[in-house]
Amino acid sequence: MTFHTFECEYPLSGSDFATLHRELKKLDSSYFESKPKMADKIKKYVCTALSQYGIIIYIILRETTPSTFVPMLIYRINPTRMIEGNKDNYVDVFHCNNALDIPQMANRLLNKISPNLPNIETCSLSRFDYCVNIKLESQQQVTDSIKLINQAFDPTSGYTQKMMFHTKSYKPKYPKTEATFFKSKRVEISFYNKRLQLQQENLNDEWHEDILRAEFRCFKSYLNDLYKKFDIDNITDFFEKSIEIGNYVIAYQLKKLKLDVMFRSSKSIESIIKNGTFKAKTKLDMLLLVEWVSSHKSLKRVIDTCSKSIVNKKLLKKFHKLGISVKPLPCRSSLPEPFNLSELIYKFADAKKV
């Protein structure tokens, strides 16, 4: 199991903040105040002195009264960059097998900046991004897989799909370069074109043109639930159980999004339905839904525009029970049949390098 970035936080007292603020100011341009949003009652300081090692330090002052602030220290850490130092490696991810090595390595670097910076072990985890580089056969397959995942999204799942707005019609549409879904401020699941992201940020993309990046971003409230489920008390315990937790997170999120299924052609889906054990009326309803989804391009559009007599939760569960997606593979898709996204994720989940 691999991951990319994590964040941890530590509450500062007023005197702790004053000491650190004074010390970090000696770093000159590597320590600065970030411009806040207009409505924010937050003051943020950023320290980039260790950015070449994948560590960014934030100090956030959250206003509680017009004259009172509560300071919070946040570390954002990319372990791969931390180990490789100056190398321009923006693709490879870090293996959970080595997660317990992180605190000591990070602490050593942080102590070079200031002995008053808290150690990683004393912080609480506020974000953890499980991350998998899925190697596909072509750039076209990356594009087609993102399109397919967006079109297969089931809005009855309780998740929200990231949408864009057409510049001319101002109508919502899903983005072509990513498929992103989120639930409140708990978790965000994103599939995106890694090559395109590197190009947009003017980063080195040599040898990495066929990567579909899958990220499962766990935020604080979700992490708190994972702490309880896996009987965890601190960040060290989380690192120790990070493989077990990652397997659970990915399997659970894919199941809830109904992406733990096979994507097949319309003919294959029809054959599976006809040979199933459902009642004749149910089979007809399922076949009609496949036809509608195929002609309307996406499941969401069918749900938004059609009556409940054509599509409902019970009918959608029938497809999940069969282990197939209601969204057929397009006739001219570059993806193989069957296309098993879940299987691909686990295939590459243990690969440090592509």
Under a plain spin-label model, where a point goes 7 Å from the Cα along Cα-to-Cβ, how far apart in nm are Glu63 and Tyr252?
3.7 nm
What list of ³J(HN,Hα) values in whole Hz, one per residue of the stretch 247-262 in order, does the Karplus curve 6.51 cos²θ - 1.76 cosθ + 1.60 (θ = phi - 60°) give from phi, with Gly and Pro shown as x?
4, 5, 4, 5, 4, 5, 5, 5, 5, 5, 7, 6, 10, 8, 10, 8
Work out the charge dipole of the stretch 1-98 with +1 on the Cβ of Lys and Arg and -1 on the Cβ of Asp and Glu about the Cα centre, then indicate which of His4, Gly85, Leu73 is farthest towards its positive end.
Leu73
Using the Karplus curve 6.51 cos²θ - 1.76 cosθ + 1.60 with θ = phi - 60°, work out ³J(HN,Hα) for each residue of the stretch 321-334 in order, rounded to whole Hz, and write x for Gly and Pro.
5, 7, x, 10, 8, 6, 8, x, 5, x, 4, 9, 5, 7
Three-way shape label, the chain, alpha-carbon gyration tensor, a/c 1.5
prolate
Everything considered on the Cα gyration tensor (a ≥ b ≥ c; rounded for a/c under 1.5, else prolate if a/b is larger than b/c, else oblate), the stretch 164-278 must be described as oblate
State the percentage of accessible surface on the stretch 48-188 attributable to carbon and sulfur atoms; use a 1.4 Å probe and exclude ligands, DNA and RNA.
50 percent
Run the quick spin-label model on Ser266 and Asn234: label points 7 Å from Cα toward the beta carbon, then report their separation in nm to one decimal.
6.0 nm
Quick one: putting +1 on the C-beta of Lys and Arg, -1 on the C-beta of Asp and Glu, what dipole do you get for the stretch 201-354 around its Cα centre, in Debye to the nearest 20?
1320 debye
Can you classify the stretch 249-335 as rounded, prolate or oblate using the Cα gyration tensor, where a ≥ b ≥ c are the square roots of its eigenvalues, rounded means a/c under 1.5, and otherwise it's prolate if a/b beats b/c and oblate if not?
rounded
Between Asn275 and Ser51, what length in nm is gained on full extension when 0.36 nm per residue of separation is reduced by their alpha carbon distance?
74.9 nm
Sticking with the crude label model, points 7 Å out along Cα→Cβ, report the distance from Thr177 to Asp350 in nm, one decimal please.
3.4 nm
Accessible area per residue for the stretch 153-272 in Å², computed with a 1.4 Å probe and the full protein assembly in place, what is it?
53 Å²
Taking R0 as 45 Å and r as the Cβ-Cβ distance between Phe32 and Gln139, the FRET efficiency 1/(1 + (r/R0)^6), rounded to the nearest 0.05, comes to 0.75
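In deg cm²/dmol and to the nearest 500, what is the mean residue ellipticity at 222 nm of the chain if only DSSP H runs of at least 4 residues count, each as -39500 (n - 2.57), divided by the residue total? Walk me through the intermediate numbers first.
Working: 13 runs with 132 residues, N = 354.
Roughly -11000 deg cm²/dmol at 222 nm, from the helical runs in the chain.
At 0.36 nm per residue, and after removing the present C-alpha to C-alpha distance, how many nm does the segment from His296 to Tyr90 gain when stretched out fully?
70.4 nm
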The set of residues whose placed amide H lies less than 5 Å from the amide H of Met262, leaving out same-chain residues fewer than 5 positions away, is Ile324, Ser325
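Quick one: with all protein chains in place, what share of the accessible area of the stretch 287-346 is carbon or sulfur, to the nearest percent (1.4 Å probe)?
52 percent
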Among Val293, Cys306, Gly158, whose Cα lies farthest out toward the positive end of the dipole of the chain, if unit charges sit on the beta carbon of Lys, Arg (+1) and Asp, Glu (-1)?
Cys306
Bin by bin, in steps of 5 Å, what percent of the Cα pairs in the stretch 1-92 do you find, going until the bin that has the longest distance?
3, 12, 20, 22, 18, 13, 8, 4, 1, 0
Once the dipole of the chain is set up with Lys and Arg at +1 and Asp and Glu at -1 on Cβ about the Cα centre, which of Asn234, Pro338, Asn133 lies farthest towards its positive end?
Pro338
Phi to ³J(HN,Hα) by Karplus 6.51 cos²θ - 1.76 cosθ + 1.60 over the stretch 27-34, Hz, x for Gly, Pro
7, 6, 5, 7, 10, 8, 8, 7
Test of the criteria: in the stretch 1-74, which trypsin sites (Lys or Arg not before Pro) are in a DSSP loop and have at most 14 other Cβ atoms within 10 angstrom of their Cβ?
Lys37, Lys41
Heads up, I need the accessible area for Ser29: 1.4 angstrom probe, whole protein in place, Å², nearest 10.
100 Å²
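The values are calculated or read from the model by the stated rules, or taken from the named source; none is laboratory data. Keep in mind that what you see is a predicted model, and the values were worked out from it rather than measured. Note: ideal-geometry Cβ built from the backbone for every residue, glycine included; neighbour counts use all protein chains shown. The protein model used for the area step is the full one, side chains on, heavy atoms only, and it has no ligands, DNA or RNA in it. Shrake-Rupley method; radii C 1.70, N 1.55, O 1.52, S 1.80 Å.
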